[in-house]
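Structure first, commentary second.
The values are calculated or read from the model by the stated rules, or taken from the named source; none is laboratory data. In this text the structure is predicted, and so the values were computed from the model without any measurement. Heads up, the Cβs are rebuilt from the backbone with ideal geometry, glycines too, and the neighbour counts pull from every protein chain shown. Just the protein is used for accessible areas: all its heavy atoms, side chains included, with ligands, DNA and RNA removed. Shrake-Rupley method; radii C 1.70, N 1.55, O 1.52, S 1.80 Å.
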Amino acid sequence: ARWNRLREIAGVGFVAITIAAIIALASYSARDPSFNVVTGSGATHNFLGVFGAYFADLLVQLFGFGAWLFPVHAFGAAVLCFTHIPISFARRIGRLVGLTVFSLSLVTLGNLAFRLADPLYRGGGQPVPGGGVVGKLLAGLALPWLGVTGTTIVFVFLLVASFTLATHLTPRRIAQGL
């Protein structure tokens, strides 16, 4: 009973993190004070104030448009806490690896598609790479070896394979209509 209560408290915490992340990202402004922007004005546009501005900027700088995966992952963690679905340790590791590789593949592909600036976050500040710093780094490591086409093929494969690992939905099952 004690572990159930702790899981439910953790679930409520993950729901709160999900809501806060959505609000912070939705009200993100490149002109707000952050780790790489100093403003003389005291005005912060983020609905969660200075904390929200720093939090959203950190996510956007690291992951570009992939920052929106953070509330998705937090909500998934909340669902797992509330549903009490028994998942073996090996399956948890497999899903964690799948979600991580999926996220990294997505931000790398975002960087390949939008190299100069993420179209969602142009707000007058420094341009943010489409996949953030992480996507830029991974694309930068792969491009000299594979070129644009090869890098795209590898990361699309990793995206599909990691989605399958994380969700246990295979392309065949999806094509057959689940």
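Overview of values
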| item | result |
| --- | --- |
| Subset tally (residues that are closer than 28 Å to Phe82 by Cα and touching a Pro at 6+ places or on another chain (Cβ under 6 Å)) for the range 1-40 | 3 |
| Conditions (1) modelled with pLDDT under 90; (2) closer than 27 Å to Ser162 by Cα; number of the one not met by Ile19 | (1) |
| Number of the condition not met by Lys136 [criteria: (1) part of a loop (DSSP other than H, G, I, E, B); (2) open to solvent by 70 Å² or more (accessible area, probe 1.4 Å)] | (1) |
| When residues of the range 101-135 are limited to those that are modelled with pLDDT of 90 or more and farther than 12 Å from Gly66 by Cα, the one farthest from the chain's Cα centre (by Cα) | Leu112 |
| Matching residues, the range 1-40, being part of a loop (DSSP other than H, G, I, E, B) and open to solvent by less than 70 Å² (accessible area, probe 1.4 Å) | Ser27, Tyr28, Ser29, Ala30, Asp32, Pro33, Ser34, Val37, Thr39 |
| Check on Phe47, touching a residue at least 12 places away in the same chain (Cβ under 8 Å), out of contact with any strand residue (DSSP E or B) (no Cβ under 6 Å at 6 or more places or on another chain) and more than 21 Å from Thr167 (Cβ to Cβ) | yes |
| Selection status of Leu69, open to solvent by 60 Å² or more (accessible area, probe 1.4 Å), under 30 Å from Ile153 (Cβ atoms) and in contact with a helix residue (DSSP H, G or I) (Cβ under 9 Å, 6 or more places away or on another chain) | no |
| Filter result (open to solvent by 60 Å² or more (accessible area, probe 1.4 Å) and within 15 Å of Val101 (Cα to Cα)) within the range 154-178 | Val156, Phe157, Val160, Phe163, Leu165, His168 |
| Complete set of residues in the range 41-52 that are under 23 Å from Phe65 (Cβ atoms), of a type outside the set (A, V, I, L, M, F, W, C) and part of a loop (DSSP other than H, G, I, E, B) | Thr44, His45, Asn46 |
| Any hit, the range 74-92, residues being open to solvent by less than 20 Å² (accessible area, probe 1.4 Å), at pLDDT 90 or above, in contact with a Gly (Cβ under 8 Å, 6 or more places away or on another chain) and assigned to a helix (DSSP H, G or I) | yes |
